[in-house]
1. Hey, does region 54-69 have a residue that's in contact with a Ser or Thr (Cβ under 7 Å, 6 or more places away or on another chain), at pLDDT below 75 and not in a loop (DSSP other than H, G, I, E, B)?
2. Kindly establish whether I17 is hydrophobic (A, V, I, L, M, F, W, C), in a loop (DSSP other than H, G, I, E, B) and closer than 23 Å to Q186 by Cα.
3. When region 179-195 is examined, which residues are found to be touching a residue at least 40 places away in the same chain (Cβ under 8 Å) and either among the polar types (S, T, N, Q) or assigned to a helix (DSSP H, G or I) (or both)?
4. Checking the structure you have, find out if any residue of region 163-176 is in a loop (DSSP other than H, G, I, E, B), hydrophobic (A, V, I, L, M, F, W, C) and in contact with an Asp or Glu (Cβ under 9 Å, 6 or more places away or on another chain).
5. If you take the residues of region 1-15 that are loosely packed, with under 14 Cβ neighbours inside 10 Å and at pLDDT 85 or above, which of them is farthest from K29 (Cα to Cα)?
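The values are calculated or read from the model by the stated rules, or taken from the named source; none is laboratory data. Owing to the predicted nature of the structure, the values given are computational and were not obtained by experimental measurement. Virtual Cβ from ideal backbone geometry, glycine too; neighbours counted across all protein chains shown.
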Amino acid sequence: MYEHTDIALNIDHSSKIPLYLQVESLLRKIIALPKYQNGELLPNEINLSNRLGVSRSTTRQAINNLVNDGLVERKKGVGTRVSKRPTISRLDNWLSFTREMNAKGLKVINYDLQIQEELASTEVAKALKIKEGRRIIKLHRLRGTEAKPAVVTTSWFHPRIDLELDEDFSQPLYELLDKKYNTVVQYSQEEIRAEKADRLLAEQLNVEIGDPILSRYRIVSDQGRRLVEFNKTYYRADSFTYFIELQRI
């Protein structure tokens, strides 16, 4: 079973990252494999725990998190497999620009992509709860479709992530953080507002100065509630719609 996962079944016991989070991250990679998407059972708790050198309670906690996200389902006496019904995880609830455009059959184009080191401003330091002036990584992107640019986004990352300046940021950001930096983002605090395009945004998004745009400020945390990213994004008003469903309690 293990030889055919194409994923190394091991975790770092010396890491500061909790073991259950490492196991969960590993399982997320495993369930993305075609054979598990097609219904094959996941390794059982005992075998997986023995393989990774962790307790069953650690493995169970990791699997429970996937169950709670609707990614896998358990059946007593059968085992655990990827859920057959369409589900949306907490991460997927923040539908990225790339995923939304791909769902519409549109190709995403990076009109501009810049990555650099800079000193944390007062605003960024407050958002990431670090000291002002600390050296951090900043990622700036202008993206859209072949028809037009649609979104300007700037991200600042917590120094703990230790991103590399020569990283390939043309791929989906959160997939990169998961696969290479063992950081699974889970929570997002967002502030959404309507604004008017200033001269710079008007030039980047190909709109008129004063045209309406949608702005979103986001603070992203991992599964342990540790801060990962502070993000500012500006959308053309004709390119995005936010749909929110609320339940009265």
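1. no
2. Against the criterion (hydrophobic (A, V, I, L, M, F, W, C), in a loop (DSSP other than H, G, I, E, B) and closer than 23 Å to Q186 by Cα), I17 qualifies.
3. Scanning region 179-195 gives K179, N182, T183, Q186, S188.
4. yes
5. Among them, the one singled out is S14.
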